[in-house]
Amino acid sequence: MGNLKLEAEIKNIKKILVNDEKFYQIPDYQRPYSWDKDNISDLIEDLTNSYLNEELENYFCGSLVLVKNDEKERYDVIDGQQRLTTFTILACVIRDLFFNELNNRAKDYILNSIQDKYDENKRKLKFLTDIKYQNDFEEKVLKKIFFLNTNQIEKELKDNQYLKNAHYIKDFLVEKIEENSIDINDLVIWFYEKVVLTEIICPSPDSAIKIFNVLNDRGMPLSPIDILKASLMQTLSKEDRDVFKVVWGDINSNLQFYDLELESMLNTYLYYKIATNPKNRIDKELINIFKKENKTSLEIINEIKDFSKAYIRLLTMQDKNIYLLRYLKHKIYWHSILSTAIFIEYKDIEELKRLLIAYYYQNWIAGATVARIKQTSFNILKLVKNKESIKKIKKEMKINLKKYDTTKQYKDEISSSYVYGRKWDKAILLLIEYFSDDNEYPSFIPINSRLHLEHILPQTSTEYWDLLFDKDEKEKWTNSLANLTLLSMRKNIQASNLSFDEKKEAYFNKDNVITSFNITKDILKYDKWNVSSLENRENKLLCEIDKKLNFD
């Protein structure tokens, strides 16, 4: 980057948002604020765990790349807007939930990180991306948050990501404070004084974007995997190093053959080894484990090779349960549990797969965050590793489901009027699809742009459908499970908002090609599509889902 001059310094949140005479803005070319429920859950989980476990140590939270905008007397945020915005929302949540409990020091930190100490109309952070975003942020969060008493946050606050995340922060934060008897003043002071970012101030937008690309694309010259490899090779003779390199190369080549990544496999191996949440980088964690085990580097690499075979076997299985697990977002938990089961030759692996589907899908549909499944996942992993009975594993899952009333929540969601548009809508229909016949080795069906959800009663009504359904019936059934089925992209376009008979013709005879989905072929059995048909199909689908997701 030539003679580019940068100012880089590690600073805590207090220096960034409270003490410094700095004000920030999100430039108009930036994408909108996009953090969601899972991001918020992960942040609160990480912050509270760091506070509880390492209260005296700094918690590093990424980078903040800035450019001075002299015209606006603010700093443009080039990288770090998601974190900076969320930290500001967090301050507003604490202000409106706990203000009367805060001491003067904590109050100063909170208030001065939201707005200028002497000018209440001058906010620390503003948005130039769209006037709507600034208004949403200003009116619903910065001024005062009016928390809704609702379990339908996604539905009721879908148009305001800032307010929606404020509600998630409130729920997760209160839960953590109550669970761990956290003193809110101590937590606030720790957050502002111990959470740090690398602040990089660039002389121009062009240089800032270059820095942004370096941070996000290239990374550090040596990755944790490189450091792990080098550390293991240090103690070996030249001859043994050559052997080590051959085995390491074989592991990597075998993974690449199946389009799998070495880092993902090693993370899964780390979870197998520690069966708890890692506190350090993968290289540090594994090196510490290897020191305690007193194994040679050749013994270690051979164990990793054997584990990688179990990992590859898992992710290349033609197995309906594995296909369904692949749709889950937080893959590391089931990856580590089932790779471990294969590695140690756990005897009840088929029943274990079924239970994992039931446990993770109930949580997914119920809207549970990773914080709710994390510890139970580690407990399951320990039970598998110790070759405990499947009965004990099932009991562990049921304790967690009962604690959070997950089963009731999942059943309420799956039978609600708003299944379409949920993150799991296609996956739950594919669950039914995979088990609709006796084919033991089906092909994996990716959830991508070619797979569509078809509304049998269309979202855009016509005179034909107006005669069959009144307004309330449309509201209840249009986006429900019973009214949805699977189609390929072309079939979906062909079916459109036609009459029911014309839709069936499109499903089965357009281009002389019948739909490949059994769940859609079943629609042919219906002579008409009305409330009675929907009630009948809902009962059938819920029954099929319950067969796979129940614990009885």
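The values are calculated or read from the model by the stated rules, or taken from the named source; none is laboratory data. Everything numeric here is computed off the predicted structure, so don't read it as measured data. Quick reminder, even Gly has a Cβ in these numbers, built from the backbone with ideal geometry, and neighbours come from all protein chains shown. Accessible surface is based on the protein model in full, side chains and every heavy atom, while ligands, DNA and RNA are left aside. Shrake-Rupley method; radii C 1.70, N 1.55, O 1.52, S 1.80 Å.
How much area per residue is accessible in the chain when the probe is 1.4 Å and only protein heavy atoms are counted (Å²)?
Working: 27860 Å² over 552 residues.
I get 50 Å² per residue for the chain.
Which of Leu430, Gln409, Asn379 sits farthest toward the positive end of the charge dipole of the range 371-433, with +1 on the Cβ of Lys and Arg and -1 on the Cβ of Asp and Glu?
My answer, from the dipole projection, is Asn379.
Provide the FRET efficiency to the nearest 0.05 for the Asp466-Tyr404 pair, computing r from the beta carbons and using R0 = 51 Å.
0.75
Carbon and sulfur: what percent of the chain's accessible surface (1.4 Å probe)?
Carbon and sulfur: 46 percent of the exposed surface of the chain.
If Lys and Arg each add +1 and Asp and Glu each add -1, what is the summed charge of the other residues whose beta carbon sits under 12 Å from the beta carbon of His455?
0
Apply the a/c threshold of 1.5 to the C-alpha gyration tensor of the range 394-488 and tell me whether it is rounded, prolate or oblate.
Oblate shape, in that a/c is at least 1.5 and b/c is the bigger or equal ratio.
Determine the dipole magnitude for the chain: charges of +1 sit on the beta-carbon of Lys and Arg, -1 on that of Asp and Glu, nothing else is charged, the reference point is the Cα centre, and the result goes in debye to the nearest 20.
For this selection, approximately 900 debye.
Please report the Cα spread of the range 214-337 along all three principal axes, rounded to whole Å, starting with the longest.
That works out to 46, 31, 30 Å along the principal axes.
Where both partners of a DSSP beta bridge lie in the chain, what percent of those bridges are antiparallel, to the nearest 5?
60 percent
P(r) for the chain, please, calculated from all Cα pair distances in 10 Å bins and given in %.
Percent of pairs per bin, in order: 3, 14, 21, 23, 22, 13, 4, 0, 0.
Using the Cα atoms of the range 299-365, I'd like the radius of gyration and the largest Cα-Cα distance, Dmax, both in angstrom.
12.4, 43
Using a cut-off of 19 Å between alpha-carbon atoms, which aspartates and glutamates can reach Lys385, once sequence neighbours fewer than 8 places away in the same chain are excluded?
The reachable aspartates and glutamates, counting only those whose Cα sits under 19 Å from Lys385, are Glu285, Glu293, Glu303, Asp306, Glu345, Asp348, Glu350, Glu351, Glu396.
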